[in-house]
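For reference, the structure is listed below as structure tokens.
Each reported figure results from applying straightforward, stated rules to the coordinates on display, with no laboratory input. Fair warning: this is a prediction, and the values are worked out from it, not measured in the lab. Reconstructed Cβ throughout: ideal geometry from the backbone, glycine too, with neighbour counts over all protein chains shown.
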Amino acid sequence: MPTISLSGGSVSSSPTSCAAGAVTVPGAPFCYPLPAGFADNSSATDYAYGWDWRTLVSIGTHDLIQVIGHPVQADLDTLTPVDALNFMESLLLRETTPGVLTATTLTNMTIDGARAFRQDAHYTIGVDTQNYTILRGHSVVSISCQYTPSRATKVTAACADVLATIGIVDR
């Protein structure tokens, strides 16, 4: 089972053999178990426009976890730390981003053995997000855990479960 590490050294697993009932979409470089109490709404079409692989699980309108991915031409595993940060600049949330009140700076971490970054944000509609961007091979995978104050504990616990169990491979 993969682990999250702030200093690297995580063990990787492969979504090529996803467990029955795992949340994924055809061709996606990721899969993860459906968190307890969440519904799989991946078939919805009104989210994550422009991303090739999209999954969405939720317990409420604004209480959800999106795992989305997109292929890139460059091999992201070969980027230097500076080049990885430069790449992440294009994906950052900023306080000038519509609807964002506050956004943290990036935190380096490892998810499923891959280089990853975390950024948290608070939005004008009263929701908070924990956002994780994973760079693996020729794929970018984004995990966004969004919650309202009343469901913060449940969503953040489910988010931790997704982060601890997700399998991500290069596509």
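Okay, here's what the table says:
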| quantity | calculated |
| --- | --- |
| Scope segment 144-166; condition among the aliphatic types (A, V, I, L, M) and either within 17 Å of residue 71 (Cβ to Cβ) or in a helix (DSSP H, G or I) (or both); matching residues | 152, 155, 157, 158, 160, 162, 163, 164 |
| Hey, residue 127 buried (at least 18 other Cβ atoms within 10 Å of the Cβ), more than 18 Å from residue 166 (Cβ to Cβ) and in contact with a His (Cβ under 8 Å, 6 or more places away or on another chain) or not | yes |
| Which numbered condition residue 93 misses (of (1) part of a loop (DSSP other than H, G, I, E, B); (2) among the aliphatic types (A, V, I, L, M); (3) touching a residue at least 60 places away in the same chain (Cβ under 8 Å)) | (3) |
| Among (1) touching a Leu at 6+ places or on another chain (Cβ under 6 Å); (2) closer than 24 Å to residue 28 by Cα; (3) not hydrophobic (A, V, I, L, M, F, W, C) - the single one residue 129 does not satisfy | (1) |
| Complete set of residues in segment 35-84 that are outside any loop (DSSP other than H, G, I, E, B) and in contact with a Leu (Cβ under 7 Å, 6 or more places away or on another chain) | 40, 56, 57, 58, 64, 66, 76, 84 |
